[in-house]
1. Quick one: ranking ASP230, ASP34 by accessible area, 1.4 Å probe, largest first, what do you get?
2. Just the accessible area per residue of the chain, please: how many Å² with a 1.4 Å probe?
3. Starting from the Kirkwood radius over alpha-carbon pairs of the stretch 38-190, derive D by Stokes-Einstein at 4 °C in a medium of 1.567 mPa s and give it in µm² s⁻¹.
4. What angle do you read, to the nearest 10 degrees and between 0 and 90, between the alpha-carbon axis of helix 316-325 and the longest principal axis of the chain?
5. Relative to the longest principal Cα axis of the chain, at what angle does helix 92-104 sit, 0 to 90 degrees, rounded to 10?
6. How many percent of DSSP beta bridges within the stretch 6-334 run antiparallel, rounded to 5?
7. Would you be so kind as to identify which of ALA154, ILE26, PHE58 lies farthest towards the positive end of the dipole of the chain, taking Lys and Arg as +1 and Asp and Glu as -1 on Cβ and the Cα centre as origin?
8. Roughly speaking, to the nearest percent, how much of the chain's 1.4 Å accessible area is carbon and sulfur?
Amino acid sequence: MTCTSSAPCDVITKAEQGGLLRREEISGLISLSDSQEIERLYQAADRVRAECVGEEIFLRGIIEFSNYCMNNCRYCGLRRDNMEAMRYRMEEGRIMELAQVIKGRGCGTVVLQSGEDPYYTGERMCGIIARIKDETGLAITLSLGQRPFDDYKAFREAGADRYLLRHETANPVLFAGLCPGRSLDGRIQCLKWLGELDYEVGMGCMVGLPGQTVEDLADDVLLIRELGADMIGIGPFIPHEDTPLRNEVAGDTSLVLKMLAVIRLVTRDTNIPSTTALGVLDGDSRRKAFQAGANVFMPVFTPRDFAERYDIYPGKGNVKKADGAIIDFKAFFDTIGRPVGEGPGGRRKRS
Ligand code: 5AD
Ligand code: SF4
C-alpha cells in the first residue's frame, strides 16, 4: 500500500531504516489496529529479516530432559506447587540418543531444556554438555533457568555456546508478583553474566500476562535492545488450569506477531524463533511469524511419553506431536518458500 500522511507509516519507515525508536513510538507500533498498517509493519520486518539474517530458517532441536522445578512461577504448569505434574528425569543415555537423532535430522543446534532442577549440579550438567559436544559437535544451547555465575562459567567451559533465559516481563512489579521469591534485577544480573561469559544470549517475554500494558511491552523491547540480546523468544501467555492464573485470559496472537515484528525492526540481525506457544493458540500464526520477522524453528524431540508431561501450558503436547510428525523439514519450509539453514546458525557465526 502507499504511505499516506499517517504517523504510523512514518514510524515504520524510520524503524525499517534503523532509526532509534522512542518508547512512545514503540508502543504506537505495538498498538496498531488498522489491518493495512499492521500488514505494512509485518512487511517491513520481513524485509529487515531478509536483509540482516537472510532467507534461511535455522533449526534448533529441543530435548526437555527434566520437568522438575524448584521455582514457583504463577503462570507455569511445572511450578513447584503443582502436585498434579508428573515429574520425570531422562537417563543420560536417552539424552545422548536424542542428540544423535537431532543431528541426523539436520538441526545444527541442540537445546537442553529443563525446569530449575537442583539434581543437575554444575558437575553433572558439565558431564552431559561435554559428552554431547564430543559425540555430536552440535552447537549447544542451554535453557536451565537462573544459576550461580560459577555454574554458567563451568557450562561454557564444558562446551555450551548459547543460553536462553527469558526475562518474562520488563515490569519489575509484575515480575515480582508472578515469580515469588525472584526479582527482575536478579534475572537481569544472570543475563549480564551470560553476556560476560561470551554466550550468545537469548531473552524474551510473554505477551498478554494479566495486568500487562502496552507500555510494559514497549519496555520489553527497550530492555531487549539495552541488553543486546542475540536471540529473542516471544510467546502468548496461555492459562494453565493447575496454576493460580487458571481463570485469566490468554494472550492475543496478533499482539505477539506485532511484538515480534517490532523486535525484528529494532534488533536487526538477531535470531528470532516462531515459538511453540504461538502455534498452540493458532497454527497459522506460527507460519505467519516467518513472514513478520522470525527466522528460527525449534522442533521438540522429547519422546511423547515425556513430552506430554512437560506441560508448561495446555496444548503444548499437541504441537510437539506435530513437530515430531514433520518428516522432512526442507519440504515443510518449502511451502512458505524458505530454505532450511545448514550448520549452527549462530548470530556470531563462530561455531
Ligand atoms: N503460557 C505461556 N508461556 C509460558 N511459559 C511458562 N508458562 C507459560 C504459560 N502459561 C514460558 C515462560 C518460560 C518458558 C519456559 O515458557 O516464558 O520462560
Ligand atoms: Fe520453573 Fe521455568 Fe516454569 Fe518458572 S517458568 S516454574 S522456572 S519451569
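1. ASP34, ASP230
2. 40 Å²
3. Rounded to a whole number, D works out at 75 µm²/s.
4. That works out to roughly 80 degrees.
5. For 92-104 against the chain, the angle is about 40 degrees.
6. Numbers: 1 of 29 bridges.
Here the antiparallel bridges make up roughly 5 percent for the stretch 6-334.
7. In the chain, that residue is ALA154.
8. Details: 7020 of 14150 Å².
So the carbon and sulfur contribution to the accessible surface is 50 percent.
The values are calculated or read from the model by the stated rules, or taken from the named source; none is laboratory data. Keep in mind that what you see is a predicted model, and the values were worked out from it rather than measured. Positions of Cβ are backbone-derived with ideal geometry, glycine not excepted, and every protein chain shown enters the neighbour counts. For accessibility, only protein heavy atoms count, side chains too; no ligands or nucleic acids. Shrake-Rupley method; radii C 1.70, N 1.55, O 1.52, S 1.80 Å.
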